[in-house]
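The values are calculated or read from the model by the stated rules, or taken from the named source; none is laboratory data. Since the model is a prediction, treat every value here as computed from it, not as a measurement. Positions of Cβ are generated from backbone atoms using ideal geometry, with glycine treated the same way; all protein chains shown enter the neighbour counts. Remember, those area values only see protein heavy atoms, side chains included, never the ligands or the DNA or RNA. Shrake-Rupley method; radii C 1.70, N 1.55, O 1.52, S 1.80 Å.
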Amino acid sequence: MKKVLVAMALYIGVSAAASAQQNISLPVPEKRPTVEANGDVTFTLVAPEGSDISVKGAFANLQPASVSFTDGEHRILFSGVEPGLYDYWFEVDGVRTLDPSNPYVARDIASLANIFIVPGEGSKWFESKDVPHGSVHQVWYESEGLGGSRRMTVYTPAGYETSTEQYPVLYLLHGMGGDENAWSELGRAVEILDNQIAAGVTKPMIVVMPNGNALRKAAPGCTGDGMYIPEGQHSVDPDRLFEKNFDEIIGYVEANYRVKPGKENRAIAGLSMGGGHSWRISMERPDSFDYVGLFSPAVRWNGMGVNMENDPELVDKLKRQFENAPKFYLIAIGKDDFLLPLNDAYRKMLDDQRFKYEYVESGGGHEWRNWRDYLADFLPKLFN
């Protein structure tokens, strides 16, 4: 009996060790989806014949040019897809699933999607290229106002470590449900910065991407809160604690990085909730930021988005900000964005007060495809 138990223990130990090894013996899938020079994109999925299969995500409004089943594989072709970075997933008989043959996956709050790039003018800043690369740091700072250590992602440009130069700073804020990884992973901020700085169209800068969720200290799984499922409610901050304590972030950055001081060397931008944060932070600190980027911003004042032009407190704060107006103040939003009416009301207020700003209305809605483009267009305008 003892020999049997020893043998079983050895078997279990060997099996556990084997299961912990890398899957180096598994077949390497072909590169999928396939992208042709003319923009034809073919998705392939192995599934039983007769399965109801569709491609979702960035392709929600596109119709496939052809659908076929050959040699046990479903093939779905989209013709003439414009250059850009796309997210997608499959829906098989009503069930959402990732593409098992595409290892490139990104997380948006609690949802996963595959990504791929159609090369061309519309994607040139999003591709990883052989250019000098900056460094990405994930650092912790102490926040007395928010009660403890909090994490943020900091990009330093190529050459930062070997120089004594000081750099301007962009504070780049994520949307509701996001975290300090959102802009670097989903937004391709690092690739955009590397490519544009190398091309000479954007000034070398430090970019700070903090966690804007007052109720969470860091991205999911990176704190003592455990491996919880992230959700938008983690961003709820009725007391505006993140915004009220933003000086702690600025203080940490200016104490730990070689940054140029002064309003002319600081920019702030964000998407959705982060656009609302950028709006209020820059308004409350009119002497701090000369460049403001509001991407699909949630410009809600005291929790409301109506009758803003009749709120004297808001008018007074904006008047103070625009007395010594930012050098560049951008509002960018998609024509199908659900926040468009809110931004229309805000722009009417700015127009009534004759405050100068730049407005971009693109196609599409409340989506990363727009926000990546807005960032790529915003960066070259900074610190000139």
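Side notes on the structure shown:
- Considering all different alpha carbon pairs of the chain, the Kirkwood hydrodynamic radius works out to 23.1 Å.
- Sites listed here are chymotrypsin sites (Phe, Trp or Tyr not before Pro) in region 309-341 whose DSSP assignment is loop and whose Cβ has at most 12 other Cβ atoms within 10 Å: Phe338.
- Computed from the C-beta positions of Asp311 and Gln138, the FRET efficiency with R₀ = 45 Å rounds to 0.70.
- Listed peptides 90-97, 76-83 appear in the order 76-83, 90-97 once ranked by packing, highest mean of other Cβ atoms within 10 Å at the front.
- Residue list for region 155-185, given a label point 7 angstrom along the Cα-to-Cβ vector of Asp287 and an amide N cut-off under 20 Å: 169
- Whole-Å distance, taken between Cα centres, linking region 58-108 and region 328-384: 30 Å
- Residues Lys244 and Val92, FRET efficiency given R0 of 56 Å [Cβ-Cβ distance, rounded to 0.05]: 0.75
- A 1.4 Å probe, protein heavy atoms only, puts the accessible area of Glu284 near 90 Å².
- Hits among lysines - C-alpha to C-alpha of Lys263 under 30 Å, sequence gap 8 or more where chains match: Lys203, Lys217, Lys244, Lys317, Lys319, Lys327, Lys348, Lys356, Lys381
- Taking 17 Å as the straight-line reach from the Cα of Lys335, the aspartates and glutamates in range (excluding those fewer than 8 positions away in the same chain) are Asp344, Glu358, Glu361, Glu367, Asp373.
- Placing R0 at 51 angstrom, the Cβ-Cβ distance between Lys203 and Thr223 gives a FRET efficiency of 0.90 after rounding to 0.05.
- Area accessible to solvent at His133, 1.4 Å probe radius, in Å²: 110 Å²
- Rel. contact order, % - alpha carbon contacts under 8 angstrom, at least six apart, the chain: 11 percent
- Helix-only [θ]222 nm of the chain, DSSP H runs n ≥ 4, -39500 (n - 2.57) each, per residue, nearest 500: -7500 deg cm²/dmol
- Per-peptide average of other Cβ atoms within 10 Å, ordering 356-363, 154-161 highest first: 154-161, 356-363
- Convex hull of region 313-369 built on C-alpha atoms - directionally averaged projected area, nm²: 4.4 nm²
- Within the chain, percent of DSSP bridges classed antiparallel, to nearest 5: 65 percent
- Whole-percent carbon and sulfur share, accessible surface of the chain, 1.4 Å: 52 percent
- Pairwise label distance in nanometres, Val360 with Ser149, each label 7 Å out on the Cα-Cβ vector: 3.7 nm
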